Structures are given as C-alpha cells and as structure tokens.
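Read the structure below first, then the notes.
The values are calculated or read from the model by the stated rules, or taken from the named source; none is laboratory data. As the structure is a computational prediction, the values presented were derived from the model and not from experiment. Don't worry about glycine lacking a Cβ; one is built from the backbone with ideal geometry, like all the others, and counts go over all protein chains shown.
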C-alpha cells in the first residue's frame, strides 16, 4: 500500500502508517519480478510424512542460500536451522523458493503469501501479504502449532483462533530451546473466514470514462454517471470533456500529482471492503478538491469518533482538522461538544481574547455560528446519507433508470447500479435504455411468496442498499442472497452471506438451511463458520441433524463428509478456544519443544496495584 508523503500528524496516524507499511509495503517491484509461479497454476500434492516435510523444506532453504553464495550474493549466510511446513484445510502449502531472503521466506496461500520473518533472537513473525497495492483481505483461522527436534514426530504445543488479515497484527512465535532445541515447526490452519477483494481502479472494466494522468502508468476506468452523482468537479469534466476516446467516451486528463487522490476517491465510491483509514489524509484532500459531499461527511464522522479522541484539547482538535482541510465539516461538531461539556467555557475563561486563537475566517464563519447553534439545540445531527444523495422521485434525469419486474417499478441512479454491476440485468430495446429487468429466479420468487414479502418492498430494500449501504431487513436476507447470486452482485452477496453467518444455528432446521445455502450458492465462509459451530458451541444441534432421516439426500456428499469429519476430529472438541469466531488478541506465543501458549506478562505487584499510580496523575493537582 502506498503511504502519504507528509509526516505523521498524530499517534493514530503513526500507528496506522506503521501497520500499513508492515502489512503491505509500497516497494514490491523487486519481489514481484522474482515470482516465477502463479498460485493458480499450482496443483496440490499428496501429504508427505511430517519429518519428510521438515527435511524437504530445510533442504530447499539450504540450496537457495548456497546458490546465492555461489553467485556472490551472500558472504556469511548459512542454511537456516529451522524448517517449517504449513497446511491449510488439510492441504500442503507450496513453498516459494524465489522469496528466500537472509531473514525470511514465504508460502503460496490462496491469493496471498504467508510470510515468515526470522531474526537472531529466535523470534518468528508470521503474517499474510500481497505484492500489489489496493488489495484488501481478511483471514480468520483456527491455527495449530507443532514442534519437533528433527529426530521424532511433531508435538502439538499450541493452538488458538488468529486473525491473519491485512490490518491484523502479525503472530510472533518466540522459540524457547530450554526444554530441547526446536528444529522444526508445523503450522496447521483451518479457515473460519477468508475474503480477498481487488479494489484498484485500474482493474475496473466495461466502463465509459477514462482518467489519465500523463505519467506513464495505467489509466483508470470508471462510470461517468457515478462521477456526476458524487463529484461536482469530476462530473463537470464528464459533461464537458476536452477529449474523447475512439468510442466517443470522455477522457479526463489530470496531473500526475492527482493520481493518489483520485485512486483513493474512486476506491471509496465503489462498494468494497476497504476501510476509510489506510490513507486518510489523501482521502481528505481528494474529497475537498473534487467536492464529494457524501465522502466529506463520512470522513468527518470518522475523524470525530477516532482521531479527535487522541487530541487532549479543543484547540489541538481544531488545528488537526484545519491541517487536514476538513474544518468546515468537523469543527461545528467539535465546538458543539465543547459547549455542551463545558470545555468551551473553560477555554474562554483562561484566554484573554479567545478569538485570537483561531484564524479570523474560521472563527467568524464556523466557530461562532457553531457556538450559537449549540446554545439553541440539544443535540448535533450529521446530515443523513439520504439527504446528501437523494433517491430520485421521477426519471427526468437522463442518469435515472427504472428497475422493472412483474409490474413493479423502482427508480435508481444508473451510476450506482453500474458500480455494483448491472451487466446481468435485461435492458429495454428503446433507444434511451431506461428500463432494466433484474433476474428473479424460481428460488427467489418462492422465498418471496413463502415469506409474504411485497415485491416493491424487496426492490426498495435493494435500492437502499445500493444507495446508502443500508442493512437489508432480516426477512429479505435469504431471497436477497439468491437475487444477488443470480445477478452477479458480488458485494451484495458477500454482505448477505455475512448476515446469515451472524445468525446462530440454534435448531437443526437453521443449521440445515445454512449448509444447504452454502453448498448451493458457493458460500465458503458460511460453510466454514457453520462447521466451526458444529464442532463447538452447537455440537448437540449438529449431532441431532446428522441423525435425522433423509439428511443425506438434502446435503451434498462433500458437505456431509466435512460435517462428519468435524464431529469426529474437530479441533474444538479438545480445545474450546478453537470454537470462537473472534480472533485472539494474544498474538505473542512462546513455543517450547513439548508445550507452548501465549506469553504471560511478567508479574509486578506495583504495576498490578494502585501503588504504581501517583495521586496527582490519577486525580490532578490538589491546588
């Protein structure tokens, strides 16, 4: 992930910058060039005996280092003594021979790379990575760690549920040789959830606007209707283009300095899993330069909730907001809160002329009106999303289209539908192409009829989600999942899968439905979550389900085999911690040859009691 060029402006920025650099470094060119095998092209081999794997990987590491020495690339390197084998869901992960460095190596792990970094103090850092910026991923997995001295089989020494996502802290394995030298590690994983999202604007296809920066790098492709809806500046460039491509579509020409801002802005205009904070300052500049009101207020809410708490005084918070260029949105809320909690009264009581603390235009146009507003109103309300981007009441706007099915019509903005993907929708033969017909399969219609869901309400729920990312009502979740699957609405489908997975399978009917939906519509995360629940907190429900007559005919054979396997050999059966879906925060683990677990902080009676606190620090100066 590319980082902002300016210096960190606060503790939270520093923490986020370090995390981003650690989880997705910017300079990957050399690493990317060395990759010689595609993860897609790799076939999974049969599991080797455990000790063979240790010897095999150790031999590979040794050959790689020796080859580098022969080429004069290293002088004092020796073959690493520690060998590692990694399995995921019972399949061996392939070792990436080209990734070996003096203190690290990696394995191919689905779309990602599972990277190990070592140091001279017997500490092993484990994390996931990807060489391309603007890729988002989340990984939660059951993890078991086994150790060996190279002369006997592995001993299972530790296990827990870990987060291995892009923004998760790495796992640190501290090797302790006091009970025997640890020469080999085996890491077994069973995925609970996995998602990988490509959000780079250069990957958007089938669009009608090109954005070029004349810097020799890839152009961006997007939808003119989407830009006109969200950005006043870019929308005008679409309406009045200075250049057209061979198809007659607008080409927007911007400066190389705009690339970072436009990249971040486009990512947040599309539906995806990227959070707001990785390049927060760049997004702030983009939202104000290109006049994106909806993004501005999203930024403002996040600033007040997360960043302002790291500033101790109102003056510091206002200065930070002005530095980011978001004062017109954020300062009214900061001043409102200060008036209500007495901080404003304290400030004006300590300073001879408070007005001089702020720029004159900021005080006159923002702070003073905010003070008056706070004295007249009991609460502060951000503009609603429906006020910033309103749903159309008629189709007079050329960008507004009609979604039609079975005599029911709902209006929506073409740009928002394009961002979610409307390629599967049928379209009218009229020249204005104003009517679109989404697919309603037999399964969707059956759900709507059985649950007595009004079709107009269902389409309204869909459009509200497209406009405001509004949660779908519980009744509509399952038919909306099938609707999203049939119309290839990937983001909506993922959200519906997550919503269903959040519902505990408290009965055999619910668990059966979860397993059926997962196998029928390719919901891997729902299947993984249900299997973890089946071996853990809901094992009684799973056992009752397996014992029902006819269940074999309702579930696919692979699903039945996985369920039976979890009920027989599930890791949660002997370690209840493995049944959790929330990753542990105890990521520093100590590994011995025959045992292991989280590192326990050193006991210190002073730190664990109030004796370690100075009364002035706790309660303030008595004077």
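What the table shows:
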read-out: Options 298, 274; residue that is surrounded by 14 or more Cβ atoms within 10 Å (Cβ to Cβ), in contact with a strand residue (DSSP E or B) (Cβ under 8 Å, 6 or more places away or on another chain) and not assigned by TED's automatic domain parsing to the domain that holds residue 134; value: 274
read-out: Residue that is farthest from residue 293 (Cα to Cα), among those in the range 390-414 that are touching a residue at least 40 places away in the same chain (Cβ under 8 Å) and in a loop (DSSP other than H, G, I, E, B); value: 406
read-out: Subset of the range 268-283 [free of Cβ contacts under 8 Å to residues at least 60 places away in the same chain and within 19 Å of residue 308 (Cβ to Cβ)]; value: 276, 283
read-out: Any hit, the range 554-570, residues being surrounded by 13 or more Cβ atoms within 10 Å (Cβ to Cβ), outside the structural domain of residue 145 (by TED's automatic domain parsing) and touching a strand residue (DSSP E or B) at 6+ places or on another chain (Cβ under 7 Å); value: no
read-out: Selection from the range 490-509 of residues that are closer than 20 Å to residue 446 by Cβ and either assigned by TED's automatic domain parsing to the domain that holds residue 139 or out of contact with any helix residue (DSSP H, G or I) (no Cβ under 8 Å at 6 or more places or on another chain) (or both); value: 509
read-out: Flag for residue 590 being at pLDDT 95 or above, outside any helix (DSSP H, G or I) and touching a strand residue (DSSP E or B) at 6+ places or on another chain (Cβ under 8 Å); value: yes
read-out: Test: residue in the range 515-522 that is at pLDDT below 95, buried (at least 19 other Cβ atoms within 10 Å of the Cβ) and under 29 Å from residue 271 (Cα atoms); value: yes
read-out: Those helices (runs of 4 or more DSSP H) lying entirely in the range 419-493 with at least 3 residues farther than 24 Å from residue 523 by Cβ; value: 455-468
read-out: Residue count, the range 461-496 (criterion: under 18 Å from the mean Cα position of the chain (by Cα) and at positive phi); value: 1
read-out: Qualifying positions in the range 563-579 - touching a helix residue (DSSP H, G or I) at 6+ places or on another chain (Cβ under 8 Å) and part of a helix (DSSP H, G or I); value: 563, 564, 566, 567, 571, 572, 573, 578, 579
read-out: Residue match in the range 328-340 (condition: under 18 Å from residue 268 (Cβ atoms), touching a residue at least 40 places away in the same chain (Cβ under 8 Å) and in contact with a helix residue (DSSP H, G or I) (Cβ under 6 Å, 6 or more places away or on another chain)); value: no
read-out: Residue count, the range 544-553 (criterion: surrounded by fewer than 13 Cβ atoms within 10 Å (Cβ to Cβ) and in a helix (DSSP H, G or I)); value: 2
read-out: Scope the range 255-267; condition more than 15 Å from residue 199 (Cα to Cα) and either touching a strand residue (DSSP E or B) at 6+ places or on another chain (Cβ under 8 Å) or without any contact (Cβ under 8 Å) to a residue 24 or more places away in the chain (or both); matching residues; value: 257
read-out: Residue within the range 414-424 that is out of contact with any helix residue (DSSP H, G or I) (no Cβ under 6 Å at 6 or more places or on another chain) and more than 30 Å from residue 199 (Cβ to Cβ) present; value: no
read-out: Given (1) touching a residue at least 60 places away in the same chain (Cβ under 8 Å); (2) within 26 Å of residue 133 (Cα to Cα); (3) surrounded by 22 or more Cβ atoms within 10 Å (Cβ to Cβ), number of the condition residue 225 does not satisfy; value: (2)
read-out: Identity of the residue in the range 145-157, part of a strand (DSSP E or B) and surrounded by fewer than 20 Cβ atoms within 10 Å (Cβ to Cβ), that ends up farthest from the chain's Cα centre (by Cα); value: 155
read-out: Sole exception among (1) touching a strand residue (DSSP E or B) at 6+ places or on another chain (Cβ under 6 Å); (2) modelled with pLDDT under 90; (3) in a loop (DSSP other than H, G, I, E, B) for residue 99, by number; value: (3)
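Each row is one residue, and each column tells you yes or no for (1) in the same structural domain as residue 133 (by TED's automatic domain parsing); (2) part of a strand (DSSP E or B).
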site	(1), (2)
165	yes, no
173	yes, yes
182	yes, no
188	yes, yes
215	no, no
228	no, no
